[in-house]
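Worksheet: one structure, shown below.
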There are 2 protein chains.
Amino acid sequence: MLSKRAKYAIKTILYLHENDQGLPISAKVISEKERIPYKFLENILRELKTHQILRSVRGAEGGYILAKDPNEITIAQVMRVIDGPIALIPCVSERFYESCPECVDEETCRIRKLFGELRNGMLPILEKSVVELARL
Amino acid sequence: MLSKRAKYAIKTILYLHENDQGLPISAKVISEKERIPYKFLENILRELKTHQILRSVRGAEGGYILAKDPNEITIAQVMRVIDGPIALIPCVSERFYESCPECVDEETCRIRKLFGELRNGMLPILEKSVVELARL
DNA sequence: TAATAACCCTATAACTTTTATAGGGTATTT
DNA sequence: AAATACCCTATAAAAGTTATAGGGTTATTA
(Lines give C-alpha, C1' and ligand atoms only; values in the text may rest on other atoms or scores of the structure.)
Protein backbone atom coordinates (compact mmCIF):
# COMPACT_ATOMS: atom_id res chain seq x y z
CA MET A 1 0.00 0.00 0.00
CA LEU A 2 0.98 3.56 -0.66
CA SER A 3 1.50 5.43 2.61
CA LYS A 4 -0.36 8.65 3.33
CA ARG A 5 3.02 10.37 3.48
CA ALA A 6 3.71 9.34 -0.10
CA LYS A 7 0.24 10.29 -1.25
CA TYR A 8 0.61 13.72 0.40
CA ALA A 9 4.03 14.09 -1.22
CA ILE A 10 2.66 13.35 -4.67
CA LYS A 11 -0.25 15.74 -4.12
CA THR A 12 2.22 18.39 -3.02
CA ILE A 13 4.44 18.22 -6.09
CA LEU A 14 1.40 18.09 -8.32
CA TYR A 15 -0.01 21.18 -6.59
CA LEU A 16 3.31 23.03 -6.83
CA HIS A 17 3.55 22.21 -10.52
CA GLU A 18 0.02 23.23 -11.39
CA ASN A 19 0.19 26.47 -9.43
CA ASP A 20 3.70 27.41 -10.42
CA GLN A 21 4.04 31.10 -11.19
CA GLY A 22 7.72 31.27 -10.46
CA LEU A 23 7.01 32.22 -6.85
CA PRO A 24 7.30 29.95 -3.84
CA ILE A 25 4.13 28.62 -2.24
CA SER A 26 3.92 28.43 1.54
CA ALA A 27 3.49 25.23 3.52
CA LYS A 28 0.39 26.78 5.02
CA VAL A 29 -1.29 27.21 1.64
CA ILE A 30 -0.40 23.68 0.51
CA SER A 31 -1.66 22.35 3.84
CA GLU A 32 -5.01 24.11 3.50
CA LYS A 33 -5.63 23.48 -0.20
CA GLU A 34 -4.64 19.84 -0.12
CA ARG A 35 -5.98 19.21 3.38
CA ILE A 36 -2.74 17.89 4.79
CA PRO A 37 -2.02 18.32 8.55
CA TYR A 38 0.43 21.22 8.71
CA LYS A 39 3.10 19.72 10.93
CA PHE A 40 2.98 16.43 9.09
CA LEU A 41 3.37 18.27 5.80
CA GLU A 42 6.37 20.22 7.07
CA ASN A 43 8.07 16.93 7.73
CA ILE A 44 7.37 15.66 4.23
CA LEU A 45 8.48 18.95 2.67
CA ARG A 46 11.80 18.80 4.47
CA GLU A 47 12.40 15.30 3.19
CA LEU A 48 11.59 16.32 -0.38
CA LYS A 49 13.94 19.25 0.01
CA THR A 50 16.77 17.13 1.38
CA HIS A 51 16.49 14.97 -1.72
CA GLN A 52 16.56 17.94 -4.09
CA ILE A 53 13.01 17.49 -5.32
CA LEU A 54 11.93 20.81 -3.82
CA ARG A 55 13.80 23.90 -2.77
CA SER A 56 12.64 26.40 -0.16
CA VAL A 57 12.67 30.16 0.15
CA ARG A 58 12.79 31.55 3.68
CA GLY A 59 11.23 34.63 5.17
CA ALA A 60 7.96 36.40 4.56
CA GLU A 61 6.48 35.50 1.15
CA GLY A 62 8.71 32.43 1.22
CA GLY A 63 7.66 28.86 0.61
CA TYR A 64 8.44 25.90 -1.59
CA ILE A 65 9.04 25.46 -5.30
CA LEU A 66 10.04 22.53 -7.49
CA ALA A 67 13.84 22.18 -7.47
CA LYS A 68 14.07 21.21 -11.13
CA ASP A 69 12.27 20.90 -14.44
CA PRO A 70 8.98 19.10 -13.69
CA ASN A 71 9.69 16.87 -16.68
CA GLU A 72 12.61 15.53 -14.68
CA ILE A 73 10.65 14.79 -11.51
CA THR A 74 9.03 11.37 -11.53
CA ILE A 75 6.51 9.72 -9.24
CA ALA A 76 8.94 6.86 -8.70
CA GLN A 77 11.52 9.34 -7.34
CA VAL A 78 9.03 10.78 -4.90
CA MET A 79 7.89 7.34 -3.76
CA ARG A 80 11.47 6.23 -3.18
CA VAL A 81 12.25 9.30 -1.11
CA ILE A 82 9.19 8.88 1.07
CA ASP A 83 8.40 5.16 1.19
CA GLY A 84 11.63 3.52 0.05
CA PRO A 85 11.76 0.75 -2.53
CA ILE A 86 9.30 0.38 -5.40
CA ALA A 87 9.86 -3.38 -5.40
CA LEU A 88 7.61 -5.47 -3.16
CA ILE A 89 10.53 -7.50 -1.82
CA PRO A 90 13.91 -5.92 -1.02
CA CYS A 91 16.02 -8.56 -2.78
CA VAL A 92 14.90 -7.25 -6.18
CA SER A 93 15.24 -3.57 -5.33
CA GLU A 94 17.86 -1.63 -7.28
CA ARG A 95 18.42 1.17 -4.80
CA PHE A 96 17.34 -0.42 -1.51
CA TYR A 97 18.68 -3.92 -2.01
CA GLU A 98 18.66 -6.27 0.98
CA SER A 99 19.01 -10.03 0.94
CA CYS A 100 16.24 -12.10 2.51
CA PRO A 101 17.48 -13.53 5.82
CA GLU A 102 16.12 -16.99 5.09
CA CYS A 103 17.12 -17.19 1.43
CA VAL A 104 19.46 -20.04 0.50
CA ASP A 105 20.13 -19.25 -3.16
CA GLU A 106 18.97 -15.94 -4.52
CA GLU A 107 19.75 -16.88 -8.13
CA THR A 108 17.29 -19.75 -8.20
CA CYS A 109 14.56 -18.26 -5.98
CA ARG A 110 11.34 -18.33 -7.98
CA ILE A 111 9.62 -15.81 -5.74
CA ARG A 112 12.49 -13.44 -6.42
CA LYS A 113 12.12 -13.96 -10.17
CA LEU A 114 8.41 -13.29 -10.07
CA PHE A 115 8.76 -10.14 -8.00
CA GLY A 116 11.66 -9.04 -10.16
CA GLU A 117 9.35 -9.23 -13.16
CA LEU A 118 6.76 -7.32 -11.18
CA ARG A 119 9.19 -4.55 -10.32
CA ASN A 120 10.22 -4.30 -13.97
CA GLY A 121 6.60 -4.02 -14.94
CA MET A 122 5.79 -1.39 -12.34
CA LEU A 123 8.73 0.89 -12.94
CA PRO A 124 7.91 2.34 -16.38
CA ILE A 125 4.44 3.24 -15.15
CA LEU A 126 5.77 5.03 -12.09
CA GLU A 127 8.49 6.80 -14.02
CA LYS A 128 5.95 9.26 -15.37
CA SER A 129 6.92 12.86 -14.70
CA VAL A 130 4.83 15.39 -12.78
CA VAL A 131 3.95 16.95 -16.15
CA GLU A 132 2.64 13.64 -17.44
CA LEU A 133 0.73 13.05 -14.20
CA ALA A 134 -0.93 16.45 -14.53
CA ARG A 135 -2.15 15.49 -18.02
CA LEU A 136 -3.70 12.16 -17.07
CA MET B 1 5.85 -4.40 0.60
CA LEU B 2 4.87 -8.05 0.58
CA SER B 3 4.16 -9.23 4.13
CA LYS B 4 5.95 -12.25 5.58
CA ARG B 5 2.56 -13.93 5.86
CA ALA B 6 2.08 -13.62 2.12
CA LYS B 7 5.61 -14.75 1.38
CA TYR B 8 5.13 -17.78 3.64
CA ALA B 9 1.81 -18.50 1.95
CA ILE B 10 3.38 -18.44 -1.50
CA LYS B 11 6.24 -20.65 -0.32
CA THR B 12 3.70 -23.05 1.13
CA ILE B 13 1.66 -23.50 -2.03
CA LEU B 14 4.84 -23.81 -4.07
CA TYR B 15 6.12 -26.46 -1.68
CA LEU B 16 2.83 -28.35 -1.74
CA HIS B 17 2.79 -28.28 -5.53
CA GLU B 18 6.37 -29.43 -5.97
CA ASN B 19 6.07 -32.21 -3.43
CA ASP B 20 2.61 -33.36 -4.40
CA GLN B 21 2.32 -37.14 -4.45
CA GLY B 22 -1.41 -37.20 -3.92
CA LEU B 23 -0.90 -37.38 -0.15
CA PRO B 24 -1.36 -34.58 2.32
CA ILE B 25 1.73 -32.93 3.81
CA SER B 26 1.70 -32.01 7.48
CA ALA B 27 2.05 -28.48 8.80
CA LYS B 28 5.05 -29.67 10.76
CA VAL B 29 6.91 -30.74 7.63
CA ILE B 30 6.11 -27.51 5.79
CA SER B 31 7.18 -25.54 8.84
CA GLU B 32 10.53 -27.29 9.04
CA LYS B 33 11.35 -27.42 5.36
CA GLU B 34 10.37 -23.83 4.66
CA ARG B 35 11.52 -22.52 8.04
CA ILE B 36 8.20 -20.97 8.96
CA PRO B 37 7.26 -20.64 12.69
CA TYR B 38 4.83 -23.50 13.28
CA LYS B 39 2.03 -21.61 14.99
CA PHE B 40 2.26 -18.75 12.55
CA LEU B 41 2.06 -21.20 9.67
CA GLU B 42 -1.02 -22.89 11.13
CA ASN B 43 -2.74 -19.54 11.03
CA ILE B 44 -1.85 -18.98 7.39
CA LEU B 45 -2.88 -22.53 6.45
CA ARG B 46 -6.28 -22.04 7.99
CA GLU B 47 -6.80 -18.87 6.02
CA LEU B 48 -5.79 -20.57 2.77
CA LYS B 49 -8.17 -23.38 3.61
CA THR B 50 -11.06 -21.04 4.38
CA HIS B 51 -10.60 -19.54 0.93
CA GLN B 52 -10.54 -22.92 -0.80
CA ILE B 53 -6.94 -22.71 -1.90
CA LEU B 54 -5.96 -25.66 0.29
CA ARG B 55 -7.89 -28.51 1.82
CA SER B 56 -6.87 -30.42 4.90
CA VAL B 57 -6.94 -34.06 5.95
CA ARG B 58 -7.23 -34.72 9.66
CA GLY B 59 -5.77 -37.46 11.81
CA ALA B 60 -2.48 -39.31 11.72
CA GLU B 61 -0.79 -38.99 8.32
CA GLY B 62 -3.02 -36.03 7.67
CA GLY B 63 -1.97 -32.63 6.44
CA TYR B 64 -2.62 -30.18 3.65
CA ILE B 65 -2.99 -30.48 -0.08
CA LEU B 66 -3.86 -28.04 -2.86
CA ALA B 67 -7.63 -27.72 -3.11
CA LYS B 68 -7.67 -27.50 -6.91
CA ASP B 69 -5.68 -27.83 -10.11
CA PRO B 70 -2.43 -25.90 -9.54
CA ASN B 71 -2.96 -24.31 -12.96
CA GLU B 72 -5.99 -22.62 -11.42
CA ILE B 73 -4.21 -21.24 -8.36
CA THR B 74 -2.57 -17.87 -8.97
CA ILE B 75 -0.19 -15.81 -6.90
CA ALA B 76 -2.63 -12.91 -7.08
CA GLN B 77 -5.30 -15.08 -5.42
CA VAL B 78 -2.95 -16.01 -2.59
CA MET B 79 -1.87 -12.40 -2.08
CA ARG B 80 -5.47 -11.23 -1.95
CA VAL B 81 -6.40 -13.83 0.65
CA ILE B 82 -3.45 -12.97 2.87
CA ASP B 83 -2.67 -9.30 2.29
CA GLY B 84 -5.81 -7.95 0.68
CA PRO B 85 -5.76 -5.72 -2.39
CA ILE B 86 -3.14 -5.92 -5.13
CA ALA B 87 -3.66 -2.22 -5.90
CA LEU B 88 -1.55 0.28 -3.98
CA ILE B 89 -4.53 2.52 -3.23
CA PRO B 90 -7.95 1.11 -2.33
CA CYS B 91 -9.95 3.35 -4.70
CA VAL B 92 -8.63 1.39 -7.69
CA SER B 93 -9.04 -2.04 -6.17
CA GLU B 94 -11.57 -4.34 -7.85
CA ARG B 95 -12.28 -6.60 -4.90
CA PHE B 96 -11.39 -4.40 -1.92
CA TYR B 97 -12.68 -1.06 -3.17
CA GLU B 98 -12.81 1.83 -0.72
CA SER B 99 -13.13 5.50 -1.52
CA CYS B 100 -10.46 7.86 -0.24
CA PRO B 101 -11.90 9.90 2.65
CA GLU B 102 -10.48 13.18 1.33
CA CYS B 103 -11.27 12.64 -2.34
CA VAL B 104 -13.54 15.22 -3.95
CA ASP B 105 -13.97 13.73 -7.42
CA GLU B 106 -12.76 10.23 -8.04
CA GLU B 107 -13.30 10.43 -11.78
CA THR B 108 -10.84 13.25 -12.29
CA CYS B 109 -8.23 12.24 -9.67
CA ARG B 110 -4.90 11.92 -11.45
CA ILE B 111 -3.34 9.90 -8.66
CA ARG B 112 -6.16 7.44 -9.02
CA LYS B 113 -5.58 7.21 -12.76
CA LEU B 114 -1.89 6.58 -12.33
CA PHE B 115 -2.39 3.92 -9.71
CA GLY B 116 -5.16 2.40 -11.77
CA GLU B 117 -2.69 1.99 -14.62
CA LEU B 118 -0.23 0.53 -12.15
CA ARG B 119 -2.72 -2.02 -10.90
CA ASN B 120 -3.55 -2.99 -14.47
CA GLY B 121 0.13 -3.45 -15.18
CA MET B 122 0.76 -5.52 -12.06
CA LEU B 123 -2.14 -7.88 -12.38
CA PRO B 124 -1.14 -9.97 -15.42
CA ILE B 125 2.25 -10.60 -13.84
CA LEU B 126 0.73 -11.76 -10.57
CA GLU B 127 -1.87 -13.89 -12.27
CA LYS B 128 0.72 -16.55 -12.96
CA SER B 129 -0.29 -19.96 -11.64
CA VAL B 130 1.67 -22.04 -9.16
CA VAL B 131 2.73 -24.23 -12.09
CA GLU B 132 4.14 -21.23 -13.94
CA LEU B 133 5.85 -20.01 -10.78
CA ALA B 134 7.54 -23.39 -10.33
CA ARG B 135 8.93 -23.15 -13.86
CA LEU B 136 10.43 -19.67 -13.53
C1' DT C 1 14.89 47.27 13.77
C1' DA C 2 11.07 45.04 15.43
C1' DA C 3 7.35 42.37 14.11
C1' DT C 4 5.91 38.86 11.35
C1' DA C 5 5.84 35.14 8.28
C1' DA C 6 7.75 31.06 7.10
C1' DC C 7 11.06 27.47 7.23
C1' DC C 8 13.86 24.09 10.38
C1' DC C 9 14.51 20.42 13.82
C1' DT C 10 13.93 16.94 17.60
C1' DA C 11 11.18 14.38 20.44
C1' DT C 12 7.36 11.80 21.39
C1' DA C 13 2.58 10.13 21.49
C1' DA C 14 -1.44 7.71 19.52
C1' DC C 15 -2.70 4.31 16.64
C1' DT C 16 -2.45 0.39 13.57
C1' DT C 17 -0.45 -3.53 11.58
C1' DT C 18 2.60 -7.23 11.54
C1' DT C 19 4.57 -11.12 13.50
C1' DA C 20 4.31 -14.11 16.14
C1' DT C 21 3.31 -17.23 20.85
C1' DA C 22 0.44 -19.66 24.22
C1' DG C 23 -2.62 -22.95 25.45
C1' DG C 24 -5.77 -25.73 24.86
C1' DG C 25 -9.63 -28.30 22.02
C1' DT C 26 -11.26 -31.63 18.34
C1' DA C 27 -11.07 -35.13 14.85
C1' DT C 28 -8.98 -39.19 12.73
C1' DT C 29 -5.96 -42.98 12.10
C1' DT C 30 -3.33 -46.89 13.55
C1' DA D 1 -6.39 -45.74 23.55
C1' DA D 2 -2.66 -43.39 22.12
C1' DA D 3 -0.66 -40.65 18.85
C1' DT D 4 -0.88 -37.48 15.27
C1' DA D 5 -2.41 -33.51 13.28
C1' DC D 6 -5.70 -30.09 12.41
C1' DC D 7 -8.68 -26.25 14.73
C1' DC D 8 -9.55 -22.00 17.37
C1' DT D 9 -9.21 -17.85 20.45
C1' DA D 10 -6.69 -14.73 22.88
C1' DT D 11 -2.90 -11.96 23.54
C1' DA D 12 1.76 -10.00 23.46
C1' DA D 13 5.99 -8.16 21.37
C1' DA D 14 7.74 -5.42 17.83
C1' DA D 15 7.56 -2.40 14.13
C1' DG D 16 5.64 1.01 11.30
C1' DT D 17 2.48 4.83 10.35
C1' DT D 18 0.47 9.10 11.30
C1' DA D 19 0.59 12.61 13.34
C1' DT D 20 1.37 16.54 17.38
C1' DA D 21 4.13 19.51 20.41
C1' DG D 22 7.17 22.94 21.16
C1' DG D 23 10.44 25.54 20.26
C1' DG D 24 14.37 27.53 17.18
C1' DT D 25 16.26 30.01 12.98
C1' DT D 26 16.10 32.94 8.93
C1' DA D 27 14.50 36.52 6.01
C1' DT D 28 11.30 40.02 4.61
C1' DT D 29 8.89 44.22 5.13
C1' DA D 30 6.66 47.94 7.50
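The values are calculated or read from the model by the stated rules, or taken from the named source; none is laboratory data. Just so we're clear, the structure is a prediction, and the values are computed from it rather than from any experiment. Here the Cβ is made from the backbone with ideal geometry for all residues, glycine too, and neighbour counts use every protein chain on show. The area values use the complete protein model at the heavy-atom level, side chains included, leaving out ligands, DNA and RNA. Shrake-Rupley method; radii C 1.70, N 1.55, O 1.52, S 1.80 Å.
Brief remarks on what is shown
- Sparse packing (at most 12 other Cβ atoms within 10 Å of the Cβ) combined with a DSSP loop state is found for the following GluC sites (Glu not before Pro) in segment B:31-125: B:Glu61, B:Glu94, B:Glu98, B:Glu102.
- Distances between copies of B:Lys49, taken at a point 7 Å out from Cα along the Cα→Cβ vector and listed shortest first: 5.6 nm.
- Taken per residue, the accessible surface of the protein assembly as shown reaches 53 Å², heavy atoms only and a 1.4 Å probe.
- Dipole of chain A [Lys/Arg +1, Asp/Glu -1 at C-beta], most positive-end residue of A:Tyr64, A:Leu54, A:Val130: A:Tyr64
- Interface between chains B and A: roughly 3400 Å² of accessible area buried, both sides summed (probe 1.4 Å, protein heavy atoms only).
- Surface composition of chain B: carbon and sulfur atoms hold 47% of the protein heavy-atom accessible area at a 1.4 Å probe.
- At full extension, B:Val131 and B:Lys33 could sit 33.3 nm farther apart than now, given 0.36 nm per residue minus the alpha carbon distance.
- Remark on segment B:83-97: accessible area falls by at least 40 square angstrom from chain-alone to full-complex state for B:Leu88, probe 1.4 angstrom.
- Helix-derived mean residue ellipticity, 222 nm - over chain B, DSSP H n ≥ 4, -39500 (n - 2.57), to 500: -15000 deg cm²/dmol
- Per the Debye formula on identical point scatterers at the alpha carbon atoms of chain B, with no solvent, log10 I(q)/I(0) at q = 0.09, 0.12 Å⁻¹ is -0.32, -0.53.
- Computed from point charges on the beta carbon alone (+1 for Lys and Arg, -1 for Asp and Glu), the dipole magnitude for segment B:78-128 about its Cα centre is near 240 Debye.
- Whichever lysines have a C-alpha closer than 26 Å to that of B:Lys68, once near sequence neighbours (fewer than 8 apart) are set aside: A:Lys113, B:Lys4, B:Lys7, B:Lys11, B:Lys28, B:Lys33, B:Lys39, B:Lys49, B:Lys128
- Projecting 7 Å from Cα along the Cα-to-Cβ direction, the label point of A:Glu117 sits 2.3 nm from its equivalents in the other copies, listed shortest first.
- Relative contact order (percent, whole number), chain A, Cα cutoff 8 Å, 6+ residue spacing: 26 percent
- Among complete DSSP H helices in chain B, none has alpha-carbon atoms stretching at least 27 Å along the helix's long axis together with a mean Kyte-Doolittle hydropathy reaching -1.0.
- Dipole magnitude of the protein assembly as shown about its Cα centre (Cβ charges: Lys, Arg +1; Asp, Glu -1), debye to nearest 20: 580 debye
- A DSSP coil position with no more than 13 other Cβ atoms inside 10 Å describes the following trypsin sites (Lys or Arg not before Pro) in segment A:7-67: A:Arg35, A:Arg58.
- Delta accessible area of at least 20 Å² on complex formation, residues of segment B:102-118, 1.4 Å probe, chain isolated as reference: B:Glu102, B:Arg110, B:Ile111, B:Lys113, B:Leu114, B:Phe115, B:Glu117, B:Leu118
- Interface residues, segment B:3-28 - accessible area loss of 20 Å² or more versus chain alone, probe 1.4 Å: B:Lys7, B:Ile10, B:Lys11, B:Leu14, B:Glu18
- Each part reduced to its alpha carbon centroid, segment A:61-102 and segment B:62-112 end up 23 Å apart.
- Annotation for segment A:90-136: trypsin sites (Lys or Arg not before Pro) lying in DSSP loop with at most 16 further Cβ atoms inside 10 Å of their Cβ are A:Arg95.
- Modelled FRET efficiency - R0 41 Å, B:Lys113 with B:Arg58, Cβ distances, 0.05 increments: 0.25
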